[in-house]
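Let me begin by presenting the structure, written as structure tokens, before commenting on it.
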Amino acid sequence: MASLKDLRNRIASVKATRKITKAMQMVAAAKLRRAQEAAVAARPYSERMAVVLANLASAVAGRDGAPALLAGTGKDQTHLLVIATAERGLCGGFNTSIVRLAREHAERLLAQGKTVKIMTVGKKGNDALKRNYGKYIVDAVDFRGLKQLAFFNAQPVGAKIISLFNEGQFDVCTLFFAEFKSVISQKPTALQLIPAAVVGGKAPDLGGAIYDAEPDEGEILADLLPRNISVQVFRALLENAASEQGARMSAMDSATRNAGDMINKLSIKYNRQRQAQITKELIEIISGAEAL
């Protein structure tokens, strides 16, 4: 049985932990608002970019000489999985859910005899995968020390993906990240980057607008498709940033409440043991006095 001193030390330790988790919860709540605003603000641009690409793609569908980033290599043998996670932990199952989705996708491809290559964006994803999937990792990017994400941070990742594609290193590229829904909900998402996924497979409704493309659709796509990859990577990073703070806020709130429950239980145990010790000492005093 733990002594009273041990119980006091444990109570003090849990109280210190509760202060830390409460502070982390408040910091995550402060960061969440900015991250959420940035993620929500990036969605219309990336969605509209996808709409424009879908419309242009429908115009060049079936033509010879269509951009390789749109048409692909014509093969489906080598897959590049770009897995975006956080740089830090203590955010519940946020990183685990993204890695799990990517791992399941990789296992399906390997079972079909496909070749899998992995690029990790974020320290936690690399740490989770390097033990069992280290031989498949071809590149690892991290943003440790970066306080605020900007588009130029995503551009090198997009450029690396395009460079690997131009070198013939893969046929299909899929991006994995967590789409922010709410503080308690972050949806692991897989988005195909190469060949570019066309919305609905046909030209979208542009509200009845009639326009001509100048220069032709092929030249516009040659410029927009590489830009779109960086845009989608940037959006994934922003979605991850908001999802990470939301998950951390929920996890720290739960940890704070659990610490409070533990303090209550330890305090009850401490009081009971202290009372029992006082009672025992009184009995010994009374017994000694009666024996005289």
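The values are calculated or read from the model by the stated rules, or taken from the named source; none is laboratory data. For clarity, every value in this text was computed on a predicted model and none was experimentally measured. Just so you know, the surface numbers come from the protein's heavy atoms only, side chains and all, with ligands and any DNA or RNA stripped out. Shrake-Rupley method; radii C 1.70, N 1.55, O 1.52, S 1.80 Å.
Summary of computed values
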{"read-out": "Built amide H within the under 5 Å cut-off of residue 122, gap 5+", "value": "85, 141, 142, 143"}
{"read-out": "List 133, 270, 45, ordered by accessible area with a 1.4 Å probe, largest first", "value": "45, 270, 133"}
{"read-out": "Linear extension gain, residue 19 paired with residue 43, 0.36 nm per residue minus alpha-carbon span", "value": "5.0 nm"}
{"read-out": "With Cα atoms, 0 to 90° folded angle of helix 4-60 axis to the chain main axis", "value": "10 degrees"}
{"read-out": "Chain lengthening between residue 51 and residue 108 when straightened (0.36 nm per residue, less Cα-Cα)", "value": "17.5 nm"}
{"read-out": "Degrees, to the nearest 10: 94-111 long Cα axis against longest axis of the chain", "value": "50 degrees"}
{"read-out": "Of [x] 43, 21, 13; [y] 40, 19, 17; [z] 57, 21, 14, the label for semi-axes √(5λ) of the Cα gyration tensor in Å derived from the coordinates", "value": "[z]"}
{"read-out": "C-alpha long axis of helix 123-133 to longest principal axis of the chain, angle in °", "value": "80 degrees"}
{"read-out": "Percent carbon-and-sulfur accessible area, the chain, ignoring ligands, DNA and RNA, probe 1.4 Å", "value": "53 percent"}
